[in-house]
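Note sheet for the following structure.
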Amino acid sequence: MTGQVEGKVALVTGGASGIGAAIVDLLAQEGASVIATDIDELNGPELAARLRKAGRDVSFLPQDVTSEERWAEVIAEIGKRHGRLDVMVSNAGIGIGAPSIVEMSLADWRRQTAINLDGVFLSVKHSLPLMRKHGGGSIIMMSSLAGLRGAASLSGYSATKGAVRLFAKSIAMECAQVGDGIRVNSVHPGIIDTPIWGKIPTGATGAGQNAPIDPEERARFATPLGRAGQAIEIAHGVLYLASDASRYVTGTELVIDGGMNAGGVVRQ
Ligand code: NAD
């Protein structure tokens, strides 16, 4: 254990699967007390129990990030158990595709926005007071490469992630202005091999309704490094932003995408 976040208390939403689970694991390995929350009440508790067995300080709380009432309860519980919150990782998110935007229902648009954007707003609104009590911390919002550039057939998703990017910068300015010691940044993964790709409803590949998307196949040509990323490769970026090594970093975006945002390469 190298202890890069030793003694810190961290909350990770969407912590039961994929990128969130890797973040929970890595932050705990590096010495943090981690509270993972998720609507997945099967894999979340299982992950926490497995990590506790390995000697890590990890607990699980069920949470739907769209419920303001639940946000108040979760933060109150963390206050009671730990008395502080140093790291808020707003990671929970979903992707809803549509071959054309005219085929997207308003209900799907709203559901995606409620989780990807309202959930992040609520995470900030409810975590800031507890973070401020103890002189600061780090808020990390999970955006996407789709928050930096457009994504055909994932335009609603892209809209939520672009909003998260500017929300992070705005909260970074608010915190800097009041001088509360809280840094706020966004993370922008490219194509990462997690269960999310199997959950995207409708034909976001353009290959028809519910066509499965293989992230590795997608990434092979779309990504300059020629492969999909792994959840742990995003977790390492989050660890940096959570730790004091990034103490002079706020209002910025960390792109972890195998080079996709930089341009394209022609493979022989
Ligand atoms: P995932 O599906 O493996 O994990 C997402 C988790 O969020 C799941 O455990 C799910 O149960 C949880 N969740 C969904 N709705 C929720 C709600 N209402 N309240 C609480 N939890 C909820 O996906 P992932 O790839 O690990 O995605 C994590 C984040 O990374 C998301 O915000 C996603 O948009 C972002 N992201 C992923 C990729 C990628 O290629 N995998 C790329 C860019 C950005």
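Summary table below
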| quantity | calculated |
| --- | --- |
| Gain in span if fully extended, Arg110 to Glu77, counting 0.36 nm per residue against the direct Cα distance | 9.0 nm |
| Farthest toward positive dipole pole in the stretch 110-268 [+1 Lys/Arg, -1 Asp/Glu at C-beta], among Val187, Val164, Gly264 | Val164 |
| Test item: Cα-centred dipole of the stretch 1-95, Lys/Arg +1 and Asp/Glu -1 on Cβ, debye | 360 debye |
| Gap separating the Cα centres of the stretch 100-149 and the stretch 233-268, nearest whole Å | 19 Å |
| At 0.692 mPa s and 37 °C, Stokes diffusion of the stretch 118-177 via Kirkwood alpha-carbon radius, µm² per second | 263 µm²/s |
| Under 5 Å, built H, 5+ apart or other chain: amide partners of Gly229 | Ile191, Ile192, Asp193 |
| Rg ratio (alpha-carbon, reference 2.2 N^0.38 Å) - the chain | 0.97 |
| Likely footprinting exposure, Asp214, Asp193, Asp38, fewest C-beta neighbours within 10 Å first | Asp214, Asp193, Asp38 |
| Residues Ser155, Ser143, sorted so that the one with the fewest Cβ neighbours within 10 Å comes first | Ser155, Ser143 |
| Normalised contact order of the chain, rounded percent, pairs of Cα under 8 Å and 6 or more residues apart | 19 percent |
| Cubic angstrom per residue, convex hull over Cα atoms of the stretch 110-268 | 119 Å³ |
| Residue order, fewest to most surrounding Cβ atoms within 10 angstrom, among Lys169, Lys80, Lys8, Lys125 | Lys80, Lys125, Lys169, Lys8 |
| More than 17 angstrom apart: percent of Cα pairs within the stretch 1-50 | 26 percent |
| Computed over the stretch 87-196, the ratio Rg/Rh where both radii use C-alpha atoms and Rh is Kirkwood | 1.02 |
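FYI, it's all coordinate maths here, none of it is from the lab. In this text, all values refer to a predicted model and were calculated from it rather than measured experimentally. No Cβ is skipped: glycine too gets one built from the backbone with ideal geometry, and neighbour counts run over all protein chains shown.
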